[in-house]
Amino acid sequence: MPEVKKPDSATVEVEPERIAKTGPAVNGAQQDAPHLPVLHHVGEEQDAHHKAHEDGETAQPGDGLGVHPAAVPGDIHRSDFLLNTFVDIAIYDSRDESILDGAMALCREYENRFSRTLSGSEVYRLNHREDATGTYPLSDDMTDLLATALYYCERSGGAFDITTEPLSSLWNFSGTSPSVPPAEAIEEARKKVDYKKLRLDGTRSTLTFLDPGTSIDLGAIAKGYIADQLKAYLLDSGVESAMINLGGNVLCVGSRPDGTPFTVGLQKPFADRNETFAQVEVSDLSVVASGVYERHFVEDGKNYHHILDPSTGYPYDNGLISVTILSERSVDGDALSTTCFSLGLEKGLELANSLDGIYACFIDEDYDVYYSDGMEDFIIKQ
C-alpha cells in the first residue's frame, strides 16, 4: 500500500500500519485497504458521543445537517421551515428584501413539486398514478432532475436508487416513533425497488413506469437541485455574494464581499450540531454531507439510519458514518454524498477521484477521516 500522507494538523492521529493490514470495513467485511491519500482521527471524545447514541440517549430523527456556515457580518437573511428542514438564505451585497421574498417563494414552489408526501405535488401524483404502468408528462424541472438522478443510479450500479420510496415509507425515519419494520414487509417493499423500471424520455419530457409497484423518492437529490435553482435566481437578481443553506446543504454564491472565501464547518458525527471536526474555505462551491447520525433511531442497541440499501432493504452497514462532498453544482454534491456513502469507502473514494471538480471527505466508524484527491486543499489548517 502507498504511504499514507498526513495533513499538517495538530489533531492527526494516524496508524498507517493498522490501516495497511486490515483496511476499512466494507459491506460488513474487512477488505484490503484502498489508496488513502489523507487520514486523521476526529477525536477521542467522539467515541463517547457514539456510545451515547448506541445507548439511545439522544437519537432523534432529523434532516441531514452535516455542515455549518460561519456568519458573515452585514448580511440580510431569511429563514423558514421548508422542504422538511430549516432553510436560511443570506445575501451580503444587497439590501433588497424583495430578492429574499422571491427566493423563499421559489423554495415553496419546488417543495410543492418534488415532495413525495404533499398531496398534489408532481412526485405525489406520479406515485399515485391511475395507470400503474403508463407514461406521464413531466415539468421541465422534473425532467432535468430525473435525468441527473438516473445518471447517478446508473453510475453507482444501483447503490443509489430513486425508487426506494416503498422502503423509505415503510421505515418512516421522519415519524415520531420509528421502529424496525417486520422482515417480511421489508422484503416485499425491496422487491419494488429498481430504477431500471423507469424510462425517461428527455426529448418529450415524459416518464414511463414499467412496473405497477414502482414509485420514486427524490429526497437524496432534490435539495441540491433546488439550491442550484436558487443560486441561478440570485445571480439573475444581481446578487454576487450569498449563502444558501437548505438544512445543511450549503451552496455559496461567489465569495464574501471582501473577496475572501466563505468558511463552512463540517459537523462531528453524533456530536452537538454546532461541534465541528474541520472547517473548509470555499468560494462558489456547494458543501453537502450524508451520514448515519441525523435521521436515525436506536433499537436494541443498534443504530438504524435513513440511507437504505436497495439490495437488502435495510440501512447500509459498510463501516462509514459520514461523507461530505464539495462540488460546483449542489445537485451533484447531494447525489454524490449519498452515492459515495452507499458505495463504501474504497469504491466511494474511487468514484470521487474519477470525477472532475469533486472533492470528498469520508469518516468511518472508528472516526478516521479520509480525503479524496484535492480535498485537503480546502481544509483550514489548525
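None of the figures in this text is laboratory data; all of them are computed from the coordinates on show. Quantities reported herein were computed from a predicted structural model and do not represent experimental measurements. Cβ coordinates were reconstructed from backbone atoms using ideal geometry, including for glycine residues, and neighbour counts include every protein chain displayed.
For this structure, a couple of remarks:
- Above-threshold pairs, the threshold being 28 Å between Cα atoms, out of LYS196/LYS302; LYS191/LYS231; LYS231/LYS302; LYS268/LYS347; LYS192/LYS231; LYS196/LYS268: LYS196/LYS302; LYS191/LYS231; LYS231/LYS302; LYS192/LYS231; LYS196/LYS268
- 3J(HN,Hα) along the stretch 374-382: x, 5, 4, 5, 8, 6, 6, 6, 8 Hz, from the Karplus curve 6.51 cos²θ - 1.76 cosθ + 1.60 with θ = phi - 60°, whole Hz, x for Gly and Pro.
- D (Stokes-Einstein, µm²/s), Kirkwood Cα radius, the stretch 321-382, 1.306 mPa s at 10 °C: 138
- Long-range HN-HN contacts of ALA278 with modeled amide H, under 5 Å: LEU266
- For q = 0.11, 0.16 Å⁻¹, Debye-computed log10 I/I(0) when each Cα of the stretch 226-332 counts as one equal scatterer: -0.43, -0.79
- Taking the Cα atoms of the stretch 139-202, the ratio Rg/Rh between the radius of gyration and the Kirkwood radius comes to 1.05.
- Where labels lie 7 Å past Cα in the beta-carbon direction, separation of THR208 and ILE76 in nm: 5.0
- Relative contact order [Cα under 8 Å, 6+ residues apart], the stretch 298-382, whole percent: 25
- Additional length obtainable on full extension of the chain from ILE380 to THR117, 0.36 nm per residue less Cα span: 90.7 nm
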